[in-house]
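Chemist: Attaching a single structure in structure tokens format; questions to follow.
The values are calculated or read from the model by the stated rules, or taken from the named source; none is laboratory data. All figures in this text were calculated on a predicted structure; none of them were measured in a lab. Here Cβ is always computed from backbone atoms with ideal geometry, including for glycine, and neighbour counts include all displayed protein chains. In case anyone asks, the SASA skips ligands and DNA or RNA and just uses the protein heavy atoms, side chains included. Shrake-Rupley method; radii C 1.70, N 1.55, O 1.52, S 1.80 Å.
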Amino acid sequence: MKDIKIAVIGLGYVGLPLARLFSTRFETIGFDLNAIRIDEINSGHDSTMEVDDGLLTDAIKNHGFRCTTNIEDLKDFNFYIVAVPTPIDENNHPDLTPLIKASETVGKVISVNDIVVYESTVYPGVTEEECIPVVEAVSGMKFNIDFFAGYSPERINPGDKLHSVEKIRKVTSGSTPEIADLIDEVYNTVLINGTHKAPSIKVAEASKIIENSQRDVNIAFMNELAKIFNAMNIDTHDVIEAASSKWNFIKLNPGLVGGHCISVDPYYLIQKAQVYGVLPRIMSSARHLNDGMGEYVANQTIKIMNKKGVLVKDAKIIIFGITFKENCPDIRNTKVVDICHTLNEFTDNITIYDPWADVDLVKKEYDIDITNTLPENELFDAAILAVAHKEFLNTDLKRLMKENSVIYDVKGILDRAIVDGRL
């Protein structure tokens, strides 16, 4: 244990918090291809806001934590953790490219008796069937003879300061019983609530992907209920509150399902299931339903505008929030973009206000202009509260609205007296 030296490959929302934490107990280095990101971290700042700048600075100054883009700097380490994204392509098929590239990186630096642990979310079998052969091919070494592997799925929840990385309970696994014990011990040194050691790497992989798939299905059910009750002119949130009085009712709210986990991970299992001749109907239907909620919100807003006699064509509309969830800057796979695209069929006069999102990054990713400042001296025909940022709770929406206007509350957090519709 005392000779463990950790290298974390991929320093995004998952990798950096984990690397910072491990640096408090082990010599740790972070690796990423993004030079701007590396310079930012080495200066003591994390633009994702997952790691407090004070903690990051402490790790650098007092624990020797450092980050690099130079692969040669990784050769003195012996415990490699891969925490790169696992996206989907335009056809919703798994894209393992970042994972394969990271495995090539590991193959170039790994030595005899070293360990590589994958944290990226994948379908069962990816670690041993896709990643390890790459490490073998590049390194020229044999799996479970010269080097070993494990899988410990990430459980980072962007913006969640309650369930931070040191407080969550993590699943661990290893390619041999002895390596599984060692990996479990390494993680246990930094985790307050310990670990669950899975019996195999495939079980650990499967456990992660069903965590997000289960939540996706549950939210899809609530979104379907919202559509039904809206059609019946019944407030969905009132129904949920009433049902919640039963002890075993699982309380969830309808909403937009974006981000890099819940809106992406189910596709990995859906794709793999079909290889085995299984058509996952519930998961596929849930994904289809949740992916359409942005368009649904826009159409509901337009419907209410028409009923109130608010001209939709060229209307001035303000959308509050573009990040995929509240109180964090993460814009990955945000479904607010779908709201905007649907409304753009009727008007180009759309203002998106989000104090958390990076203006330049939104422009780069989605070719959409946003503002970090609440517009002054402007009146709008419609407003959509899409994200529940804390800043929005105290915003006087009525002062921004024309006399005859529409306010649509996606999150169900606004004063119902001023709201014309909500999900």
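Chemist: Sort 322-330, 342-350 by packing, meaning the average of other beta carbons within 10 Å per residue, with the highest value first.
Modeler: Highest-to-lowest ranking by the protection proxy: 322-330, 342-350.
Chemist: For segment 68-208, what D do you get in µm² per second when you plug the Kirkwood radius from alpha-carbon pairs into Stokes-Einstein at 37 °C and 0.692 mPa s?
Modeler: 212 µm²/s
Chemist: Kindly give Rg over Rh for segment 1-119, based on alpha-carbon atoms, with the Kirkwood expression for the hydrodynamic radius.
Modeler: Answer for segment 1-119: 0.97.
Chemist: Turning to a different aspect of this structure: Once fully extended, how much extra length lies between Leu393 and Val275, figured as 0.36 nm per residue of separation less the alpha-carbon to alpha-carbon distance?
Modeler: Length gained between Leu393 and Val275: 37.8 nm.
Chemist: Taking R0 as 25 Å, what's the FRET efficiency between Leu361 and Asp76 from their Cβ-Cβ distance, rounded to 0.05?
Modeler: In this case the efficiency is close to 0.15.
Chemist: Label Arg169 and Asn144 with points 7 Å out from Cα along Cα→Cβ: what is the distance between them in nm?
Modeler: In this crude spin-label approximation the distance works out to 2.8 nm.
Chemist: If you compute semi-axes √(5λ) of the Cα gyration tensor in Å for the structure shown, which of (1) 36, 28, 21; (2) 43, 24, 19; (3) 34, 25, 20 do you land on?
Modeler: Answer label, from the structure shown: (2).
Chemist: Sticking with this one: Hey, if you put +1 on the Cβ of every Lys and Arg and -1 on every Asp and Glu Cβ in the chain, which of Ala206, Ile4, Val84 ends up farthest toward the positive end of that dipole?
Modeler: Toward the positive end, the furthest listed residue is Ala206.
Chemist: For segment 283-346 and segment 378-401, write down the distance between their C-alpha centroids in whole Å.
Modeler: Computed from Cα coordinates, the inter-centre distance equals 15 Å.
Chemist: Could I ask something else about it? With contacts defined as alpha carbon pairs under 8 Å and 6 or more residues apart, what's the relative contact order of the chain in percent?
Modeler: Computed over the chain, the figure is 11 percent.
Chemist: Quick check for you: with a 1.4 Å probe and neighbouring chains kept, what is the accessible area per residue of the chain, in Å²?
Modeler: Dividing the accessible area of the chain by its residue count gives 45 Å².
Chemist: Of Ser405, Ser285, Ser164, which has the most accessible area and how do the rest follow, probe 1.4 Å?
Modeler: The most accessible residue leads, giving Ser285, Ser164, Ser405.
Chemist: Sort 225-232, 367-374, 272-279, 380-387 by packing, meaning the average of other beta carbons within 10 Å per residue, with the highest value first.
Modeler: The densest-packed peptide leads the list: 380-387, 225-232, 367-374, 272-279.
Chemist: Further question on the same structure: Once all Cα-Cα distances of segment 212-289 are split into 10 Å bins that start at 0, what whole-number percent is in each one?
Modeler: Using 10 Å bins, I get a P(r) of 18, 42, 29, 11, 1 for segment 212-289.
Chemist: How far apart, in nm, are the 7 Å Cα→Cβ label points at Asn218 and Val203?
Modeler: Distance between label points: 2.3 nm.
Chemist: Moving to a separate point now. Which sequence of Trp356, Trp247 reflects their accessible areas, 1.4 Å probe, from the largest down?
Modeler: Ranked list, largest accessible area first: Trp247, Trp356.
Chemist: Also, I was wondering about something else. In debye, nearest 20: dipole of segment 329-423 around its Cα centre with unit charges on the Cβ of K, R (+) and D, E (-)?
Modeler: Taking the Cα centre of segment 329-423 as origin, the dipole is about 380 debye.
Chemist: So for the chain, taking the charge dipole from beta-carbon charges (+1 Lys/Arg, -1 Asp/Glu), which of Ser244, Val122, Ser175 sits furthest toward the positive end?
Modeler: It is Ser244.
Chemist: To continue, here is another question. Take the Cα gyration tensor of segment 288-423, multiply each eigenvalue by 5, square-root it, and list the three semi-axes largest first, rounded to whole angstrom.
Modeler: 21, 17, 15
Chemist: Can you give the calculated 222 nm mean residue ellipticity of the chain, where each DSSP H run of n ≥ 4 adds -39,500 (n - 2.57) and the sum is split over every residue, rounded to the nearest 500 deg cm²/dmol?
Modeler: Helices in the chain give a 222 nm mean residue ellipticity of -11000 deg cm²/dmol.
Chemist: Sorting check: for 186-198, 211-223, which peptide has the highest mean count of neighbouring beta carbons within 10 Å, and how do the rest follow?
Modeler: Ranked from most to least packed, the peptides come out as 211-223, 186-198.
Chemist: Between the helical axis of 281-291 and the dominant principal axis of the chain, each derived from Cα atoms, what acute angle in degrees is found, rounded to the nearest 10?
Modeler: It is inclined by approximately 60 degrees.
Chemist: Rounded to the nearest 0.05, what FRET efficiency do Lys303 and Lys5 give with R0 = 60 Å and r taken as the Cβ-Cβ distance? Could you check?
Modeler: The computed FRET efficiency comes out at 0.50.
Chemist: Arg25 accessible area, nearest 10 Å², 1.4 Å probe?
Modeler: Probe radius 1.4 Å; accessible area of Arg25 about 140 Å².
Chemist: Tell me the label-point distance for the pair Leu162, Ala242, using the 7 Å Cα-to-Cβ offset, in nm and rounded to one decimal.
Modeler: In this crude spin-label approximation the distance works out to 2.7 nm.
Chemist: Quick check: Cα centre of segment 154-173 to Cα centre of segment 102-120, how many Å?
Modeler: Going from one Cα centre to the other spans 23 Å.
Chemist: Additional query: Along the charge dipole of segment 341-423, Cβ charges K/R +1 and D/E -1, which of Asn404, Asn377, Thr351 sits furthest on the positive end?
Modeler: Positive-most Cα among the choices belongs to Asn404.
Chemist: Let me ask something else about it. Rounded to the nearest 5, what is the percent of antiparallel bridges among the DSSP beta bridges in the chain?
Modeler: Here the antiparallel bridges make up roughly 5 percent for the chain.
Chemist: State the volume of the convex hull built on the alpha-carbon positions of segment 161-282, expressed per residue in Å³ and rounded to an integer.
Modeler: For segment 161-282, the hull spanned by Cα atoms encloses 157 Å³ per residue.
Chemist: A follow-up question, please. How big is the dipole moment of segment 171-328 about its Cα centre under a simple scheme where the beta carbon of each Lys and Arg is +1, that of each Asp and Glu is -1, and everything else is neutral? Debye, nearest 20, please.
Modeler: Its charge dipole is roughly 740 debye.
Chemist: With +1 on each Lys and Arg Cβ and -1 on each Asp and Glu Cβ, how big is the dipole of the chain about its Cα centre, in debye rounded to the nearest 20?
Modeler: 1140 debye
Chemist: FRET efficiency for Thr97 and Asn404, Cβ-Cβ distance as r, R0 = 51 Å, nearest 0.05?
Modeler: The pair Thr97/Asn404 has a calculated efficiency of 0.50.
Chemist: Follow-up. Using modelled backbone amide H atoms (1.01 Å from N, in-plane), which distant-in-sequence or interchain residues come within less than 5 Å of Val116's amide H?
Modeler: So Val116 has HN proximity to Tyr80, Phe148, Ala149, Gly150.
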